[in-house]
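Here is the structure we will look at, set down as structure tokens.
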Amino acid sequence: MTINSKDTLLSLQHLQVAFNHFDQTKQSLEWKQVVHDVSFDIKKGEILALVGESGSGKSVSAMSTLNLFSPGSAQLKGTLEWEGKKIEFDSLACSARRGSEVGVIFQEPMTSLNPLHRIEKQLNEIQLLHQSISKAAASKRSLELLEWVGIPNPAQKLKAYPHELSGGQRQRVMIAMALANNPKLLIADEPTTALDVTIQKMVVELLLRLQKETGMAILFISHDLNLVRKLADRVVVMHHGKSIETNTTEALFAQPQQDYTKMLLNSAPSGYAPEVIPQPEILRLENLKVWFPIKAGLFQKTVDYVKAVKNMNLQIQKGMTYGIVGESGSGKTTLGMAILRLIESEGGIIYDHQPLQDLDRKALRPFRRRLQVVFQDPFSSLSPRMTIQEMLEEGLKLHGESLGMPSGKNDQQAWLDRQVTETLTQVELDPDVRFRFPHEFSGGQRQRIAIARALAIKPEFIVLDEPTSALDRTIQKQLIDLLVRLQQETGMTYLFISHDLAVVKAVSHNILVMKDGEVVEQNDARTLFESPQHPYTQALLEAALFTHEEPASNKAIF
């Protein structure tokens, strides 16, 4: 698409980026190139999207426009222009626009906001840094910004710390900070990835409204093409550090040119889980409740409770997948952790006709092998100091007796090696990687390792807590296919917790919708999606349709 140079706000041509990398083999620092050839222009007032899988160079390319890298850690080559004027990557002019002419919304607001400072201080700080205004004027503007981005009780939230806000509220604070100095360009780096579908919809609608009101340009970075379709005027598709296709959003979705773009468009989870033969009940919950005490005063007396799970009754059949959906704070994860006896609860937890609630640590140990968990973030749940072999061996050694581990030391190691190799093969990883550490793998590979760790000790029941939420759509689809295959081969039962309805639909046989600690609707997947009864379920499905509905043109082509 030809762009009038007078309308161009930012132009980036033939970008190359290399990072300082320590080569283990050579035991020396080497330059590793991660971006090879990226070019794009952003017009004044337009929304341009960068899309592609993790590792394609989207965020690195965007952050290169501000040189947001540690001094000496990156080599940048190419041509950068701002409003027609050439800017050197290593010059002060490249960083002078940070926070003033260019605002940035990062992917994870909890790591971007300072946990030690109140929201007001952080909003004031960015204004005082770039504007000649008083502290009182900055505080007044901070209040207006929170009102502008739609945060309830803004005066109260100004006095709050980041951990006291919900995920959606923290993201709105990040948007407010990015817009505090009326920038000409807003860089939004995966701003909705880990949010509920309802919050995603709110954030997308907010960005569209703010862009319309201010006339700013937006560089929107995402791996989700269907979400991009709702926002962007034009799209740049990136793959392996190169920009391989650029077009208007309408044209790109109607007639994608590159095979990779077509693959991205077809990567969204679809359809329903394969049917299974009904099996006997394996788990039953009877009036399960989880209440967290709220303490106050000098002696920390309990003054109230957060009722995370309220009188839950549930029957789960063997060999099936039960999906649990709902917004953050609805009690999904709390329910899963209570079933595993990882948090305290009241009521009945009956697994395979055996009550678990009153078992002590020793009596519960055999059930630890039979009930396993895969957490949302494998990077934080996998030990950075252990190799993959060591992590998988840990569970095998602990439960070796029930798994048939031989007694001889040499025989034991051979048995452990065989079990680790077979398990990694099961999750479609090369067994040769077992001596590497977690940081040497991609997000999708780490999640496969987390599944392998749970799978190694032959469990019967696995709680999957948001296992795909931070992954690309293509990787999500691969993991869903893997989980379905493993269930068909082993007959395992899954409790699949997620806020992503498209993923839940593709993997679950039965779905529970949770709100405020209660199940408001439960049904088989097809009935729930095609005929939702509860208004809350209908609202969730409407929000999911807004952010992930496939365009009709796609259906016609593919």
Open item on the list: I'm told Leu113 meets every condition in (1) among the aliphatic types (A, V, I, L, M); (2) within 30 Å of Asp377 (Cα to Cα); (3) at pLDDT 90 or above except one. Can you identify the failing condition by its number?
Closed with: (3)
Open item on the list: Filter the stretch 100-129 down to the residues that are open to solvent by 70 Å² or more (accessible area, probe 1.4 Å) and charged (D, E, K, R) and list them by number.
Closed with: Glu108, Arg118, Lys121, Glu125
Open item on the list: If I ask for residues that are among the hydroxyl-bearing types (Ser, Thr, Tyr) and either farther than 18 Å from Ser222 by Cβ or open to solvent by 40 Å² or more (accessible area, probe 1.4 Å) (or both), which ones from the stretch 65-79 would you list?
Closed with: Ser70, Ser73, Thr79
Open item on the list: When you check Leu342 against the structure, is it aliphatic (A, V, I, L, M), in a loop (DSSP other than H, G, I, E, B) and within 20 Å of Met492 (Cβ to Cβ), yes or no?
Closed with: yes
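Yes/no per residue for (1) of a type in the set (Phe, Trp, Tyr); (2) closer than 25 Å to Thr193 by Cα; (3) at pLDDT below 90:
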{"position": "Thr490", "(1), (2), (3)": "no, no, no"}
{"position": "Tyr494", "(1), (2), (3)": "yes, yes, no"}
{"position": "Lys505", "(1), (2), (3)": "no, yes, no"}
{"position": "Tyr536", "(1), (2), (3)": "yes, yes, no"}
{"position": "Phe546", "(1), (2), (3)": "yes, yes, yes"}
Open item on the list: Checking Ser95 against (1) surrounded by fewer than 19 Cβ atoms within 10 Å (Cβ to Cβ); (2) under 28 Å from the mean Cα position of the chain (by Cα): exactly one of these is not met. Which one?
Closed with: (2)
- [ ] Of the conditions (1) more than 21 Å from Val102 (Cβ to Cβ); (2) surrounded by fewer than 16 Cβ atoms within 10 Å (Cβ to Cβ), Ser132 clears all except one; give me its number.
- [x] (1)
Task: Residue count for the stretch 286-314, restricted to those that are on the phi > 0 side of the Ramachandran plot and in contact with a Gly (Cβ under 9 Å, 6 or more places away or on another chain) - done: 2
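What about Asp259, is it modelled with pLDDT of 90 or more, closer than 22 Å to Leu471 by Cα, more than 22 Å from the chain's Cα centre (by Cα) and acidic (Asp, Glu)? If you could, list the steps in order and put the result at the bottom.
On the way: modelled with pLDDT of 90 or more: yes; closer than 22 Å to Leu471 by Cα: yes; more than 22 Å from the chain's Cα centre (by Cα): yes; acidic (Asp, Glu): yes.
Considered against the rule, which asks whether it is modelled with pLDDT of 90 or more, closer than 22 Å to Leu471 by Cα, more than 22 Å from the chain's Cα centre (by Cα) and acidic (Asp, Glu), Asp259 comes out as yes.
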- [ ] For the stretch 181-197, state whether one or more residues are modelled with pLDDT of 90 or more and of a type in the set (D, E, K, R).
- [x] yes
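Filter the helices (runs of 4 or more DSSP H) completely within the stretch 360-462 down to those with at least 2 residues that are open to solvent by 50 Å² or more (accessible area, probe 1.4 Å) and farther than 24 Å from Ile497 by Cα.
Answer list for the stretch 360-462: 361-370, 388-398, 400-403, 409-426.
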Task: Extreme residue, modelled with the highest pLDDT, among residues of the stretch 199-213 that are open to solvent by less than 40 Å² (accessible area, probe 1.4 Å) and more than 19 Å from the chain's Cα centre (by Cα) - done: Gln211
Open item on the list: Can you find a residue that is open to solvent by less than 70 Å² (accessible area, probe 1.4 Å) and over 24 Å from the mean Cα position of the chain (by Cα) anywhere in the stretch 263-277?
Closed with: yes
Task: Of residues in the stretch 327-359 being of a type in the set (Val, Ile, Thr) and within 25 Å of the chain's Cα centre (by Cα), the one farthest from Leu540 (Cα to Cα) - done: Ile343
Task: Neighbours by Cβ (under 7 Å, 6+ apart or cross-chain): first from the stretch 484-507, touching a residue at least 40 places away in the same chain (Cβ under 8 Å) and over 19 Å from Arg370 (Cα atoms); second open to solvent by 20 Å² or more (accessible area, probe 1.4 Å) and of a type in the set (D, E, K, R) - done: His499/Glu327
- [ ] Report the residue count in the stretch 99-147 for those that are among the small types (Gly, Ala, Ser), more than 24 Å from Leu165 (Cα to Cα) and touching a residue at least 60 places away in the same chain (Cβ under 8 Å).
- [x] 1
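The values are calculated or read from the model by the stated rules, or taken from the named source; none is laboratory data. These numbers come from a predicted model, not from an experiment. Glycine also receives a Cβ, built like all others from the backbone with ideal geometry; neighbour counts cover every protein chain displayed. Only protein heavy atoms, including side chains, enter the accessible area calculation; ligands, DNA and RNA are left aside. Shrake-Rupley method; radii C 1.70, N 1.55, O 1.52, S 1.80 Å.
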